[in-house]
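A.B. asks: Got a structure for you, written out below as structure tokens; questions coming shortly.
The values are calculated or read from the model by the stated rules, or taken from the named source; none is laboratory data. Note that the coordinates shown come from a computational prediction; the quantities given were computed from them, not determined experimentally. With ideal geometry, Cβ positions are generated from the backbone for all residues, glycine too; neighbour counts draw on all protein chains shown. Note: accessible area is taken over every heavy atom of the protein model, side chains too, but ligands, DNA and RNA are not part of it. Shrake-Rupley method; radii C 1.70, N 1.55, O 1.52, S 1.80 Å.
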Amino acid sequence: MLEFRNVTASIGIIEILRDLNFRIEPAETLALIGRNGAGKTTLLRTIMGFTRVTGELLFDGKPLTPVAPPKRPGLGIGYSPEDRRLFSAFTVEENILLPADAARLGSAETKRRLDKVYDILPELKEMAGRPAGNVSGGQGKMVALARALMLGTKLVMLDEPFQGLAPALALRYADALRALRDSDRSITLIITESNPSLLRGFASRTLVIERGEVGEGSLDPERKSA
Ligand code: ATP
């Protein structure tokens, strides 16, 4: 579903990711772990098209590099950045609908996807009309997840989703991810984390990123690579 062949990604003149060679298979739940500053966010931003890339990056077997960044969500890629980037004056529902509007999904498809999102995150339906600026930080993370799910029909990428969540909300967030997995087994999930223990029992595979290089790893504390 996603393949990196000798990919190097730079921001300006600074090379952040070096010589990446790996594949992500459909329906995997991938934990991307690494210390702060290791390059996790840059990897997700590279898939969204926000870095300068050399090498080959394939999505569904086709080169992704020629696809302009604003067109990539339309391929079925949903992205929830680490900072939620909600529009505080817009309602919760308007924030969730923004990517669907931008991708011109059409009203029937938008409603179908919104219903599915509310099935997974019913608490958002109850706060749909509230300005996003009036919800808590944890609830805002749920809104950002919902927004990513609107377009992420093939690939959903979540950047440090548990960061700053109170324990009860972190559990709720993990439940929502399980409900997503149950609702659609074919979606590929990439979740970055600096604390590997949060993804134990959830991820089907682990990649470790260290100083801009990616290798196979494990969330199991007994095994050295994580
Ligand atoms: P964190 O958990 O702190 O977000 P991360 O693993 O996501 O860490 P990145 O944000 O991808 O790491 O950063 C990787 C490296 O790239 C860091 O050394 C960072 O300083 C550098 N970097 C990130 N953005 C830029 C930028 N716009 N210009 C220059 N260097 C950058």
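A.B. asks: Mind counting the residues in region 136-153 that are buried (at least 20 other Cβ atoms within 10 Å of the Cβ) and outside any helix (DSSP H, G or I)?
C.D. replies: 1
A.B. asks: Filter region 154-182 for residues that are in contact (Cβ under 8 Å) with a residue 60 or more places away in the chain and open to solvent by 60 Å² or more (accessible area, probe 1.4 Å); which is farthest from Gly49 (Cα to Cα)?
C.D. replies: Gln163
A.B. asks: Looking at (1) of a type in the set (Gly, Ala, Ser); (2) modelled with pLDDT of 90 or more; (3) within 14 Å of Leu30 (Cα to Cα), find the lone condition where Gly215 falls short.
C.D. replies: Result: Gly215 passes all but (2).
A.B. asks: So, one more: What are the residues in region 1-49 that are open to solvent by 80 Å² or more (accessible area, probe 1.4 Å) and away from the ligand (no atom under 16 Å from the Cβ), if any?
C.D. replies: Answer for region 1-49, where residues must be open to solvent by 80 Å² or more (accessible area, probe 1.4 Å) and away from the ligand (no atom under 16 Å from the Cβ): Arg5, Asn6, Asn21, Arg23, Pro26.
A.B. asks: Out of Ala108, Ala100, report the one residue that is away from the ligand (no atom under 16 Å from the Cβ), free of Cβ contacts under 8 Å to residues at least 40 places away in the same chain and under 23 Å from Asp184 (Cα atoms). Working first, answer last.
C.D. replies: Numbers: Ala100 fails: free of Cβ contacts under 8 Å to residues at least 40 places away in the same chain.
When all the criteria are applied, what remains is Ala108.
A.B. asks: Among Leu98, Leu114, Leu105, which is at pLDDT below 95, in a helix (DSSP H, G or I) and of a type outside the set (Phe, Trp, Tyr)?
C.D. replies: Result: Leu98 is the single residue among Leu98, Leu114, Leu105 that is at pLDDT below 95, in a helix (DSSP H, G or I) and of a type outside the set (Phe, Trp, Tyr).
A.B. asks: Condition first: buried (at least 16 other Cβ atoms within 10 Å of the Cβ), assigned to a loop (DSSP other than H, G, I, E, B) and away from the ligand (no atom under 16 Å from the Cβ). Now tell me which residues in region 68-89 satisfy that.
C.D. replies: Hits for region 68-89 are Arg72, Gly76, Leu86.
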